[in-house]
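Structure record follows, encoded as structure tokens.
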Ligand code: SIN
């Protein structure tokens with residue numbers, strides 16, 4: 001940059017999970033305003049899913065491993081919809097990103113010889129999961145990146161939430177409006193990066209913070225962005241089955257990687273006779289469990305022969321809080337919404353379809369995860385794309401952010417309990433047109449009344465209705481077969497159009513259906 005940076009050179013990054021923090025750091029020395037829901041280091045349970053990530057970072061580091069093998073496992077989990085070039089690039093970035101975090105001071109778990117300990121998770125052909133604190137990798141990554149951002153002079157942290165994007169007459173995103181303690185604040189920017197996380201909080205049972213309701217997806221959708229593969233929501237098979245709904249603690253997949261088994265109340269193996277057994281892809285394990293729980297049976301993760309207290313302290317603490325000792329009692333489990341594979345469609349540089357807008361992390365659909373994310377590929381993807389996005393923004397000539405106009409902010413009653421009930425019952429692990437159609441119509445009505453959560457739900461439901469096949473995490477009871485693999489795109493206006501068609505066609509008994 002040939003002149004001193006001004007306010008118009010500013011980049012705004014929304015979200016302070018791994019994607020937002022890594023992007024802000026990689027952008028240095030460009031001036032960045034990082035919009036965070038809470039002061040860094042004080043994130044609460046409702047703010048970022050990164051802090052909850054029990055898995056780790058997949059990286060082809062072992063002597064028997066190679067990024068090409070990691071990419072192949074990623075493609076295979078993605079069930080025909082992952083982009084091979086993206087998978088290659090992200091897998092190749094893995095070892096270097098682990099090094100980067102080590103350089104920032106993250107103390108990963110190591111074996112007796114001092115080398116990185118490598119864990120195994122479902123659908124990985126090699127031990128390649130790098131972890132910290134046993135099952136507390138996300139929290140360690142978050143702490144490390146937050147500390148680095150706090151010490152980075154080019155990043156200003158503003159506490160608040162994005163409420164609308166600003167666009168110029170040509171549709172270019174010119175910044176955003178944030179709700180802060182001081183009221184609404186306009187943040188003009190040469191580039192805006194959404195790193196707002198996923199939408200598991202739209203479901204009654206989720207492993208995500210309750211606040212993960214697709215806010216960034218909706219900001220982009222309302223501004224006209226194209227979204228990709230939005231129907232693909234991954235359900236984690238083994239959330240700890242507490243009696244309550246809402247955010248459920250996770251029993252990490254690594255427990256199964258280390259030998260824990262799924263059993264019924266009589267001790268019979270739930271995965272007996274199913275290819276891959278406990279380490280089959282997540283959707284397969286989740287549906288096998290849901291088949292049992294749907295019949296009113298309980299399913300347990302028997303980890304008694306593992307030293308859970310020592311090796312998985314986060315899970316052990318959750319069990320203790322629930323009054324369970326995993327050394328003595330199998331852990332009751334059930335599937336819960338975990339990760340959104342779809343999102344804002346971005347290219348290999350993280351650019352959305354709207355000039356001036358980039359997206360990173362779970363809110364983005366890069367083409368890596370396809371129809372089903374491979375475990376421990378998400379922290380990795382976020383960091384890999386953060387570096388790409390920062391390089392792209394740096395290489396893009398700074399265009400003074402004009403005033404732009406504020407897109408009319410639609411806000412109304414969130415109606416979260418109703419949205420969650422509809423999503424869980426009709427847009428969940430097993431779907432069919434008879435449930436999806438009414439879900440689309442109801443969510444569209446709530447979305448029109450201003451509910452952002454219903455808007456996110458509408459996008460998922462409309463895309464799910466359109467995909468008349470079963471693939472990866474999207475299981476249609478009325479279309480169990482597969483068609484030729486194809487990614488889908490949707491916009492908000494298209495989703496509303498689907499609802500209108502269905503609404504017109506719905507029988508007058510619709511009220512009874514819903
Ligand atoms: C887990 O620990 O089971 C979750 C890991 C992931 O979702 O990547």
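Using the per-residue mean of other Cβ atoms lying within 10 Å as a proxy for protection, in what order, highest first, do the peptides 58-66, 276-284, 29-37, 457-465 fall?
457-465, 29-37, 276-284, 58-66
Highest first, please rank the peptides 156-162, 67-73 by the mean number of other Cβ atoms sitting within 10 Å of their residues.
Ranking the peptides 156-162, 67-73 by packing returns 67-73, 156-162.
So, R0 is 25 Å and r is the distance between the beta-carbons of residue 115 and residue 156; what FRET efficiency does that work out to, to 0.05?
Efficiency, rounded to the nearest 0.05: 0.05.
Give me the one-decimal nm value for the distance between modelled label points at residue 264 and residue 127, 7 Å along each residue's Cα-to-Cβ direction.
Label at residue 264, label at residue 127, 3.4 nm between them.
Just subtract the alpha-carbon distance of residue 500 and residue 210 from 0.36 nm times their residue separation and send over the number in nm, one decimal.
Gain on stretching residue 500 to residue 210: 101.4 nm.
Expressed as cubic angstrom per residue, what is the convex hull volume of the alpha carbon set of the chain? Write out the running numbers ahead of the final one.
Details: hull volume 74.0 nm³, N = 514.
In the chain, the Cα convex hull volume per residue is 144 Å³.
On a full-extension model of 0.36 nm per residue, what is the gain between residue 478 and residue 185, subtracting their alpha-carbon distance, rounded to one decimal in nm?
The span from residue 478 to residue 185 would gain 100.7 nm if fully extended.
From Cα coordinates alone, what are the radius of gyration and Dmax values for the range 113-181 in angstrom?
19.8, 60
Using per-residue counts of other Cβ atoms within 10 Å, averaged over each peptide, order 314-326, 203-215 from highest down.
Sorting 314-326, 203-215 by mean packing, highest first, produces 203-215, 314-326.
Tell me the relative contact order for the range 73-196 as a rounded percent, counting alpha carbon contacts under 8 Å between residues six or more apart.
It rounds to 13 percent for the range 73-196.
With an 8 Å Cα cut-off and a minimum separation of 6 or more residues, compute the relative contact order for the chain in percent.
That works out to 21 percent.
Rounded, prolate or oblate: which fits the range 172-234, taking a ≥ b ≥ c as square roots of the Cα gyration tensor eigenvalues, rounded meaning a/c under 1.5, else prolate when a/b beats b/c? Mind showing how you got there, number by number?
Details: a/c = 3.01, a/b = 1.48, b/c = 2.04.
In terms of gyration-tensor shape, oblate.
In nm, to one decimal, how far is the modelled label at residue 486 from the one at residue 414, with both set 7 Å along Cα→Cβ?
3.7 nm
Say R0 is 25 Å: what FRET efficiency, to the nearest 0.05, do residue 320 and residue 244 get from their beta-carbon distance? Show your work: numbers first, answer last.
Values: r = 17 Å, r/R0 = 0.67.
The computed FRET efficiency comes out at 0.90.
Taking only DSSP H segments of four or more residues, each worth -39500 (n - 2.57), what value at 222 nm results for the chain once the sum is divided by all its residues, to the nearest 500 deg cm²/dmol?
Result for the chain, helices only: -10000 deg cm²/dmol.
Using a/c under 1.5 as the rounded threshold, could you call the range 305-353 rounded, prolate or oblate? The axes a ≥ b ≥ c are square roots of the C-alpha gyration tensor eigenvalues, and prolate needs a/b larger than b/c, oblate otherwise.
Numbers: a/c = 4.38, a/b = 2.96, b/c = 1.48.
Prolate, because a/c is 1.5 or more and a/b exceeds b/c.
Which value in Å does the Kirkwood hydrodynamic radius of the range 243-358 take, with 1/r averaged over all unlike C-alpha pairs and then inverted?
16.1 Å
Give me the distance between the Cα centres of the range 92-109 and the range 150-191, rounded to whole Å.
30 Å
Separation of the range 250-321 and the range 424-447 by C-alpha centroid, Å?
Answer, in whole Å: 29.
Using a Förster radius of 41 Å, what is the FRET efficiency between residue 430 and residue 64 based on their Cβ-Cβ separation? Nearest 0.05, please.
E(calc), rounded to 0.05, equals 0.65.
Since every read-out is calculated from the coordinates, none of them should be taken as a lab result. Keep in mind that this is a model prediction, so the values were computed, not measured. Counting neighbours? That spans all protein chains shown, and the Cβs are built from the backbone with ideal geometry, glycine included.
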